[in-house]
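Chemist: Pasting a structure below so you can have a look.
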Amino acid sequence: MTSIDLNADLGEGFGRWQLTDDERLLSVVTSANVACGFHAGDASTMRRVCELAAGRGVRIGAQVSYRDLAGFGRRAMDVPPAELAAEVAYQIGALEVFARAAGSRVAYVKPHGALYNRVVRDEEQAGAVVDGVLLADATLPVLGLPGSRLLELAGRAGLPVVTEAFADRAYTDGGALVPRRQEGAVVTDPESVVARSVDLARHGEVEAHSGRRIEVRARSLCLHGDTPDAVGLARRVRDALEASGIRVEAFV
């Protein structure tokens with residue numbers, strides 16, 4: 001039976017501000033990418049989400065990013081490699097405290113936003129992220145885009161690598177994500193998102209922004225928690241996957 005992991009970005013609040021419906025999303029997904037305080041999240045939020053995830057058997061992942069609270073981690077930044085490596089390790093370590101207190105552990109690492117996109121092609125920044133993961137825990141899987149420099153370098157360093165796909169993001173013909181500033185970069189039609197999810201999980205293919213079908217083979221499917229009716233859409237995606245005979249389970 002074909003299987004797929006469902007991951008979502010969670011804990012993306014700060015202080016009294018809350019962006020994602022963490023508790024309800026954790027009833028659907030199998031892996032939680034928890035913001036570690038650099039693009040969103042704070043100590044209380046990280047602790048709460050780890051407790052909720054651990055209680056539901058959801059795997060906890062460190063969603064590391066550039067230090068950019070004001071820009072939600074989506075602004076391009078140039079961070080010296082040694083500094084970025086230290087900041088990646090710092091974020092993983094902070095989340096690990098709360099994961100272990102909840103009776104779980106950090107099970108994988110995924111970059112966020114501008115850092116995620118940067119390490120697809122930028123070898124220096126990708127290498128810095130890998131160095132940061134190695135500094136924190138040399139056994140942690142790295143979740144990222146198929147064909148990215150990040151996964152290539154992580155694999156070379158001996159880290160487990162896990163590919164992911166996005167049902168609600170448009171792709172270029174080359175398999176990269178269409179930049180968010182470009183019209184049509186985010187797929188908003190729920191029916192399309194659900195159909196693309198099943199297509200990705202069953203066939204490892206998706207329709208690119210140009211209309212051409214491209215190969216995107218992934219072990220995990222990302223569901224964004226900050227989209228309208230994110231919980232309802234996530235539930236529809238999971239129900240459609242299971243109705244198609246696809247088992248939904250964590251990759252780690």
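The values are calculated or read from the model by the stated rules, or taken from the named source; none is laboratory data. What you see is a predicted model, and the numbers here were worked out from it, not measured in a lab. Ideal geometry is used to build each Cβ from the backbone, glycine not excepted, and the neighbour counts take in all protein chains shown. Just so you know, the surface numbers come from the protein's heavy atoms only, side chains and all, with ligands and any DNA or RNA stripped out. Shrake-Rupley method; radii C 1.70, N 1.55, O 1.52, S 1.80 Å.
Chemist: What fraction, in whole percent, of alpha-carbon pairs in the chain exceed 22 Å separation? Write down the numbers at each step before the final one.
Modeler: Details: 15848 of 31626 pairs.
Percent of Cα pairs beyond 22 Å in the chain: 50.
Chemist: Here is a follow-up. Enter the Cα centre distance for the pair the range 1-15 and the range 191-252, rounded to the nearest angstrom.
Modeler: Answer, in whole Å: 12.
Chemist: Here's another thing I want to ask about it. Full-extension gain between Glu152 and Ala43, please, as 0.36 nm times their residue separation minus the C-alpha to C-alpha distance.
Modeler: Answer, rounded to one decimal: 36.0 nm.
Chemist: If you don't mind, another one. Explain nothing, just the number: relative contact order of the chain, from Cα pairs under 8 Å at least 6 residues apart, as a whole percent.
Modeler: 22 percent
Chemist: Could you check the simple spin-label distance between Val186 and Ala76, using points 7 Å along Cα→Cβ, in nm with one decimal?
Modeler: Placing both labels 7 Å beyond Cα along the Cβ direction yields 2.1 nm.
Chemist: Taking the Cα centre of the range 184-223 as origin, sum charge times position over the Cβ atoms of Lys and Arg (+1) and Asp and Glu (-1), and report the length of that vector in debye to the nearest 20.
Modeler: Once rounded to the nearest 20, the dipole reads 200 debye.
Chemist: Report, in deg cm²/dmol and to the nearest 500, the calculated mean residue ellipticity at 222 nm for the chain, where each DSSP H run with n ≥ 4 adds -39500 (n - 2.57) and the sum is divided by the residue count.
Modeler: -12000 deg cm²/dmol
Chemist: Starting from the Cα-Cα distance between Glu215 and Glu123, subtract it from 0.36 nm times their residue separation and give me the gain in nm to one decimal.
Modeler: 30.8 nm
Chemist: Apply the Karplus curve 6.51 cos²θ - 1.76 cosθ + 1.60, θ = phi - 60°, to the phi angles in the range 162-178 and return the couplings in whole Hz, x for Gly and Pro.
Modeler: Ordered by residue, 3J(HN,Hα) equals 10, 8, 9, 10, 10, 6, 9, 10, 6, 10, 7, 4, x, x, 8, 7, 5 Hz.
Chemist: Which ³J(HN,Hα) values in Hz, rounded to whole numbers, follow from the phi angles of the range 59-76 under the Karplus curve 6.51 cos²θ - 1.76 cosθ + 1.60, where θ = phi - 60° and Gly and Pro get x?
Modeler: 5, 9, x, 8, 8, 8, 7, 5, 6, 8, 4, 5, x, 6, x, 9, 9, 5
Chemist: If you put +1 on each Lys and Arg Cβ and -1 on each Asp and Glu Cβ, how big is the dipole of the chain around its Cα centre, in Debye rounded to 20?
Modeler: Charge dipole, the chain, about its Cα centre: 280 debye, nearest 20.
Chemist: Among Gly174, Leu159, Ala102, whose Cα lies farthest out toward the positive end of the dipole of the range 61-192, if unit charges sit on the beta carbon of Lys, Arg (+1) and Asp, Glu (-1)?
Modeler: Value computed over the given set: Ala102.
Chemist: Let me ask you something else. Would you pull out the residues with amide H under 5 Å of Tyr108's amide H, same chain only if 5 or more places away, H placed 1.01 Å from N?
Modeler: So Tyr108 has HN proximity to Ala62.
Chemist: Give me the 1.4 Å probe accessible area per residue for the range 36-154, excluding ligands and nucleic acids, in Å². Kindly include the intermediate steps, with their values, before the conclusion.
Modeler: Numbers: 4620 Å² over 119 residues.
I get 39 Å² per residue for this part.
Chemist: Can you give me the long-range amide H partners of Ser3? Hydrogens built in the peptide plane at 1.01 Å from N, cutoff under 5 Å, separation of 5 or more residues or another chain.
Modeler: Arg247
Chemist: Output the peptides 77-86, 201-210 sorted from most to least packed, where packing is the average of other Cβ atoms within 10 Å over each peptide's residues.
Modeler: In decreasing order of mean packing, 77-86, 201-210 become 201-210, 77-86.
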